[in-house]
1. Among the candidates Lys110, Lys130, which residue alone is modelled with pLDDT of 95 or more and farther than 23 Å from Phe8 by Cβ?
2. Among the helices (runs of 4 or more DSSP H) lying completely within the stretch 85-154, list those that include at least 1 residues that are touching a residue at least 40 places away in the same chain (Cβ under 8 Å) and in contact with a Cys (Cβ under 8 Å, 6 or more places away or on another chain).
3. From Ser163, Ser129, Ser133, grab the single residue that is among the small types (Gly, Ala, Ser) and under 16 Å from the mean Cα position of the chain (by Cα).
4. Scan the stretch 313-352 residue by residue and report those that are hydroxyl-bearing (Ser, Thr, Tyr) and surrounded by 15 or more Cβ atoms within 10 Å (Cβ to Cβ).
5. Just for the stretch 188-208: of the residues that are in a strand (DSSP E or B) and among the polar types (S, T, N, Q), which one is farthest from Phe365 (Cα to Cα)?
6. Between a first residue in the stretch 220-243 that is closer than 19 Å to Val14 by Cα and touching a residue at least 40 places away in the same chain (Cβ under 8 Å) and a second residue that is among the aliphatic types (A, V, I, L, M) and part of a helix (DSSP H, G or I), which pairs have beta carbons less than 9 Å apart while being 6 or more apart in sequence or on different chains?
7. Do you know which residues across the stretch 328-362 are at pLDDT 90 or above, touching a helix residue (DSSP H, G or I) at 6+ places or on another chain (Cβ under 6 Å) and under 23 Å from Glu114 (Cβ atoms)?
8. Considering the stretch 176-187 alone, what residues qualify as being touching a residue at least 12 places away in the same chain (Cβ under 8 Å), not hydroxyl-bearing (Ser, Thr, Tyr) and not in a strand (DSSP E or B)?
Amino acid sequence: MINKKLNFYFFGDVGEYDDYNPAYVCNKEYASEILYLIAKNKPFSINSGEISKVLNLEEPIVAQLINSLQLINAIEARNNGYRVTFPIFLEKDVIDMEIYLNDIGEVIGKKVMELKDVSYKEVSKLKCSKYHSYQRILYHVICDKIFDGTAFEFFTEKDTFCSSKLQPGNRDYIIVAYEDSELVESHSNKILCSSNNYRSGGFTFNSFGDLSGLRKDMFRFLRLAQNGVNSSSTFGDLNVAYNKILDSKNKEMAYECGKLICHSISKNIKYSELSSKERNLADFLKELEYIDINESDDILVKVPVFYDFEMDTAIKEISDIILVNVFPEVKNIFESFEINAVNLTSVIHLVDMKEVANELWHQIFGATNEYLVREGFVEVPENIKGQGRYLRSITVTEN
């Protein structure tokens with residue numbers, strides 16, 4: 001018998017890669033299977049002994065994992081039983097959500113496309129519009145920076161859902177999990193709703209796309225490197241200590257990469273003019289496909305670069321217009337969802353409805369993004385074998 005498990009997604013600041021980091025805890029061996037079992041059963045109806053029997057694990061191993069999950073507030077204990085405390089969607093939930101959403105992507109997408117003239121006007125004010133098509137820029141601005149960015153503040157103010165949650169270890173994030181199955185993947189993992197961001201200093205390396213595959217971007221690669229430490233050594237505490245050092249060094253490296261990109265844009269420097277250290281950074285950025293080096297030895301930034309001051313002007317203008325325009329439709333679908341979602345796993349486990357609605361919004365704007373891509377309103381991301389569909393960008397938030 002194959003034990004079923006979950007795939008996890010984290011939204012917000014998960015902090016250092018330590019015992020309070022949800023990515024570290026939830027990706028421990030058997031943690032996923034334990035959470036699946038708890039979610040599959042009624043709240044507080046399954047205990048650690050029963051979990052041990054189902055998974056054929058020794059009780060001390062299960063107890064240790066239970067403690068780790070409690071430390072990050074992923075589960076709650078009562079009367080020797082457990083419930084999950086964050087949104088989890090199993091196969092039956094995903095099917096139900098499809099019914100709730102219906103054709104909402106097309107409905108909202110058409111409203112967005114009605115605003116083409118004002119969107120193009122505002123996009124033309126961005127620096128990167130000199131080097132990239134409006135469709136490419138709107139992919140990042142609307143599909144990511146607005147729908148997966150400013151929309152959360154907007155809808156939080158409207159009390160539609162929550163965009164953050166204070167967590168143990170001085171973190172601020174929301175965990176969402178989906179059952180690991182082909183059915184779930186066919187329904188949910190392939191919509192354009194996933195933003196990967198690696199932040200260091202005043203630079204954010206971003207990729208935005210679907211969940212189908214393993215992207216080659218700054219965020220995923222550096223997280224893989226840290227996961228690799230855990231899988232290569234059985235010394236758990238040593239791994240955590242080393243990963244803290246590695247995390248700090250990764251931040252320094254990413255910051256230097258950001259400075260190199262800005263320097264390349266402003267000075268038109270050549271690869272041969274770089275120091276040995278800078279060449280290593282350039283080689284790294286080239287492999288991640290944020291830059292290229294042409295036959296004339298020029299360093300070419302391949303992705304749109306956004307600047308923080310633009311967020312307060314052009315991007316904010318587009319955001320305000322679009323979100324106000326689509327709010328009535330979004331409000332209606334959320335009200336209907338809250339009435340009809342009583343059988344969802346997360347609702348049964350008493351998870352805050354505002355957190356559940358947060359994930360529902362991901363499904364809504366993901367479906368909308370798919371419609372905008374199909375209609376050619378935004379650029380179509382290439383489907384790369386093993387990586388899925390995504391496009392990269394960089395945001396600079398320092399002078």
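The values are calculated or read from the model by the stated rules, or taken from the named source; none is laboratory data. For clarity, every value in this text was computed on a predicted model and none was experimentally measured. Backbone-built Cβ (ideal geometry, glycine too); neighbour counts: all protein chains shown.
1. On the way: Lys130 fails: modelled with pLDDT of 95 or more.
Answer to the check: Lys110.
2. Working: elements: 91-101, 104-113, 116-123, 134-138.
Counting at least 1 such residues, we get 134-138.
3. Details: Ser129 fails: under 16 Å from the mean Cα position of the chain (by Cα); Ser133 fails: under 16 Å from the mean Cα position of the chain (by Cα).
The conditions single out Ser163.
4. We begin by selecting, within the stretch 313-352, every residue hydroxyl-bearing (Ser, Thr, Tyr); these are 313, 319, 336, 345-346.
Passing the criteria: Ser319, Thr345, Ser346.
5. Filtering the stretch 188-208 down to residues in a strand (DSSP E or B) leaves 194-200, 203-208.
In the following step, the residues that additionally are among the polar types (S, T, N, Q) were identified as 194-197, 200, 204, 206-207.
Numbers: Ser194: 10, Ser195: 12, Asn196: 16, Asn197: 18, Ser200: 27, Thr204: 22, Asn206: 18, Ser207: 16 Å.
Checking each candidate, the answer is Ser200.
6. That search, which allows pairs on different chains as well, returns Arg223/Ala23; Gln226/Ala23; Gln226/Leu246; Asn227/Ala23; Asn230/Val240; Asn243/Val229.
7. Glu329
8. Of the residues in the stretch 176-187, the ones touching a residue at least 12 places away in the same chain (Cβ under 8 Å) are 176-181, 183-185, 187.
Pick out the ones that are also not hydroxyl-bearing (Ser, Thr, Tyr) and you get 176-177, 179-180, 183-185, 187.
Asp180, Leu183, Val184, Glu185, His187, listed by residue number.
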